[in-house]
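Presented below is the structure to which this report refers.
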Amino acid sequence: MTKKKIKQVFRIVLFSGTAISMFYVPWILVWAWILPLPDTVQEQLDEAIGHGFDGMIVYVDEAGKAPAFYTAGWDDRDNQIPARPDALFKIASISKLYVAVSVAKLAHAQRLSLDETLADYFPELVGRIEHADQITLRMMVQHRSGIPNFTNNPAFWEDEQENGKRALNFALDLPSSFEPGEGYEYSNTNYLLLREIIEQVVGYGHFQYIKEEILEPLGLKHTYGSLKEVNIDDVMSGYYVGIDADFKTNENGMLATAEDVGKFLRALNDGSVFDEGEQDIYSSIYEYEHGGLVPGYQSLAEYHKDIDTVVVQFVNTTDFEGYEWNLSEIVINRIVKILRKEKRSV
């Protein structure tokens, strides 16, 4: 398939649902939800592959037990390579947790203030981002800024890889979604700007700061800032429904193994990622679990306090119409039910 053809198909798949899909998809999801619960996590993964996922990796860290790894389906379906538990995966918006931790650390060190405004760091954006002189860093971390989400701009997806190099342009000169602090709207633009603010404050790349302040202290050696830092053969293939192409070589930011994400999430929730005083700041600004979605890759990283368990789920099959994402949430919820059931039986 030519590059032009891939773009055309991608636009069609991304922006147009059909009456057929609207009719059938909800019932498929209902079926996935009401099926009898399998006895094991592995059986649940195998069942999920039957619902249409190409490949899955699941990492489970139950307190008091050795971490468990589960896989199903394909790491690379074209070459029939089975899913590997140690494959690198594009974690997409899970990276926001690392950015928020960085902001909390810098705020505690008084290297930035959560009450500073976007205009304090980017005066050139006054007049191009509405209310830039009223939007605080706190609002940006919490998605209460009203800054438009650049990924909601259809023009961005006309050439996502090229436009990603100038992503901010797709949020400029647009009306705000609401007055600063008066609403909530998830916006990737907030974290694009926060990463740049971190770089202004520390004087070098934001991922290098994450590496020095988060990854290295936790001993996480399999988390990376971009595809440029890794062997492409170590990356799980990624697929979009209706497109034959493998999205592995697309640049979409941070990559990590499921184990590295799980260890980070454990440290985030037990507080060991923080120095004294930093967690209070973090708890006031952001959440303790997250999901991520880019073409070909969707991920969920959750902590369940009632069973003191971290679950990380990677799925290399996506669409932007909701079916694959909703199915992934159903699957992880069923995995957690299995873990709770096992806990009760002990």
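The values are calculated or read from the model by the stated rules, or taken from the named source; none is laboratory data. None of the values given here were measured: they were computed from a predicted structure. Cβ: placed from backbone, ideal geometry, glycine included. Neighbour counts: every protein chain shown. Please note that ligands, DNA and RNA were not included when accessible areas were found on the heavy atoms of the full protein model with its side chains. Shrake-Rupley method; radii C 1.70, N 1.55, O 1.52, S 1.80 Å.
Spacing of the modelled spin labels on Arg166 and Arg77, each 7 Å from Cα toward Cβ, amounts to 3.5 nm. Accessible surface calculations at 1.4 Å, restricted to protein heavy atoms, place the chain at 45 Å² per residue. Out of every Cα pair in the stretch 211-322, what percent are spaced more than 20 Å from each other? Summing the P(r) tail past 20 Å for the stretch 211-322 gives 48 percent.
As a length-normalised measure over Cα pairs under 8 Å and 6 or more apart, the relative contact order of the stretch 202-336 settles at 22 percent.
Rolling a 1.4 Å probe over the protein heavy atoms of the stretch 81-177, with every protein chain left in place, gives an accessible area that is 48 percent carbon and sulfur.
Under a 10 Å cutoff between Cα atoms, tell me which one of Asn188, Asn152, Asn316 has the largest fluctuation in the Gaussian network model of the chain. Sorting by GNM fluctuation, first place goes to Asn152.
Kirkwood analysis of the stretch 62-117, using all unique Cα-Cα pairs, places the hydrodynamic radius at 15.2 Å. Once neighbouring chains are kept in place and the probe is 1.4 Å, which whole percent of the accessible area of the stretch 248-319 is contributed by carbon and sulfur? Of all accessible area on the stretch 248-319, carbon and sulfur atoms account for 44 percent.
Per-residue ellipticity at 222 nm from helix content only, as computed over the chain with -39500 (n - 2.57) for each DSSP H run of at least four residues, stands at -11000 deg cm²/dmol. If you run the Gaussian network model on the chain, springs between alpha carbon atoms under 10 Å, then out of Tyr323, Tyr204, Tyr282 the most flexible one is Tyr204. Note on exposure: Val261, Val294, Val126 ranked by accessible area (1.4 Å probe, complete protein assembly) read Val126, Val294, Val261, with the most exposed listed first. The solvent-accessible area of Ser113, taken with every protein chain present and a 1.4 Å probe, is close to 40 Å².
The slack between Glu196 and Glu329, meaning 0.36 nm per residue of separation minus the straight C-alpha distance, is 44.7 nm. On full extension, the segment bounded by Glu43 and Lys221 gains 61.1 nm, given 0.36 nm per residue less the C-alpha separation.
Once all protein chains are placed together, Arg111 keeps about 120 Å² accessible to a 1.4 angstrom probe.
Heavy-atom accessible area for Asp115, with the other protein chains in place and a 1.4 Å probe, reaches approximately 100 Å². The largest accessible area among His131, His108, His143 belongs to the first residue in His108, His131, His143, and the rest follow in falling order (1.4 Å probe, all chains).
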